[in-house]
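Just so it is clear, none of the values below were taken in a lab; they were calculated from the coordinates. Bear in mind the structure is a predicted one, so any value in this text is a computation, not a measurement. Glycine also receives a Cβ, built like all others from the backbone with ideal geometry; neighbour counts cover every protein chain displayed.
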Amino acid sequence: MRFTITTVSALGFILAVVQTAPTGPPPTASSVQRIIGGTKVNGRAYPFAAVLNIVVPGGVALCGGSLIADNYILTAAHCITDEQSGAPTSASAVVAGLGSNNVEKAELYQASKISVHPGFDTMSLANDVALVQLKKSAKLDDNTQIVKLTDSKIKDNQVLQAIGWGKVSNAGSVSDDLRQVNITVGPTSKCREAEPDFKDQSGPTICAAKNDNHDTCQGDSGGALVYSDGKSFQLAGLTSYGFTPGSTSTACGTSSVVAFYTRPAYFADWISKTTGIKKDTLLA
């Protein structure tokens, strides 16, 4: 697969947003997500947000993640899997940044173990979920906190918030500062047209298909799709992939883009088994 690597200086070394040219549905890692039309996050509204830096040939790939325990970050499997061999990335190649909205000010944590869902498919991106275990537990404080997984029913027309450090425009660079954008869920009918296997918003993915100029973009993969119950923020999804049906366009934020987000609660049993954390503790 062909890669184009865009680099920016951050965290004291080179970050790289790895992009590939898609060939149309079914989606592959070449169409992975991609915050367009969003705003800079003020204050530590999302203290669970993690930036992942993954050494790859030719640079370092940028992805997002969410702290679900003091020593575990949940992210997208395609961020930390070799898309040709399907093998997990070496833990020594993964460094997580926590505790700051700015990537240059984040506290760095070395990964000690990578766990990719056994059903992850590098071509279809099914079961796009993985865990990064940290060598040293994160220090929890006002700036660094754990997020719970929401098992609340997600419905069409519901507005969620996507966060990340990815590209802010199709021709632009990634962001040094955490950004957020409102994402409207559904409509399910359009999601099914794009992806026939998609049933509804309660399955393994959440779909958003009507977000003109509001989107995640390259570099946001693995980052959080956030739900609020009015009292706290909860993790509803992980940025996974998006594509324009019938087109090879990789543009983010157009009216024709259909985006899919892994729904962590659907994988709570696997997460619990892998981490040793009780399911009731993981869920909100």
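Table for the structure above
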quantity: Calculated from backbone phi, Karplus (6.51, -1.76, 1.60) coupling profile of segment 147-163 in Hz, x at Gly/Pro; calculated: 10, 8, 8, 7, 10, 5, 5, 9, 10, 4, 6, 6, 9, 10, 10, 9, 10
quantity: Estimated FRET transfer efficiency (THR248, LYS40; beta-carbon r; R0 45 Å; 0.05); calculated: 0.90
quantity: Residues ASP197 and LYS139, FRET efficiency given R0 of 41 Å [Cβ-Cβ distance, rounded to 0.05]; calculated: 0.45
quantity: Formal net charge of residues neighbouring GLY86 (Cβ-Cβ distance under 15 Å; K, R +1; D, E -1); calculated: -4
quantity: Amide proton proximity set for LEU134, modelled H, under 5 Å, gap of 5+; calculated: TYR72, ILE73, SER112
quantity: Summed residue charge, Cβ within 13 Å of ASN127's Cβ, Lys/Arg positive, Asp/Glu negative; calculated: -3
quantity: Those aspartates and glutamates that a straight Cα-Cα span of less than 12 Å connects to LYS190, excepting residues fewer than 8 apart in one chain; calculated: ASP156, ASP200
quantity: Extension reserve of the ASP177-SER124 stretch, reckoned as 0.36 nm per residue once the Cα distance is removed; calculated: 16.0 nm
quantity: Note, ³J(HN,Hα) from phi for segment 267-277, Karplus 6.51, -1.76, 1.60, rounded to Hz, x at Gly and Pro; calculated: 9, 4, 5, 5, 4, 5, 5, 6, 8, x, 8
quantity: Reachable aspartates and glutamates, given that their alpha-carbon falls under 17 Å from the alpha-carbon of LYS148 and they are not under 8 places away in the same chain; calculated: ASP70, ASP229, ASP269, ASP280
quantity: Cross-link pairs beyond the 25 Å C-alpha cut-off, checked among LYS40/LYS210; LYS113/LYS279; LYS153/LYS278; LYS210/LYS231; LYS135/LYS279; calculated: LYS210/LYS231
quantity: Note, ³J(HN,Hα) from phi for segment 62-70, Karplus 6.51, -1.76, 1.60, rounded to Hz, x at Gly and Pro; calculated: 9, 9, x, x, 9, 7, 10, 7, 5
quantity: For LYS105, net neighbour charge (Lys/Arg +1, Asp/Glu -1) across residues whose Cβ lies under 12 Å away; calculated: -3
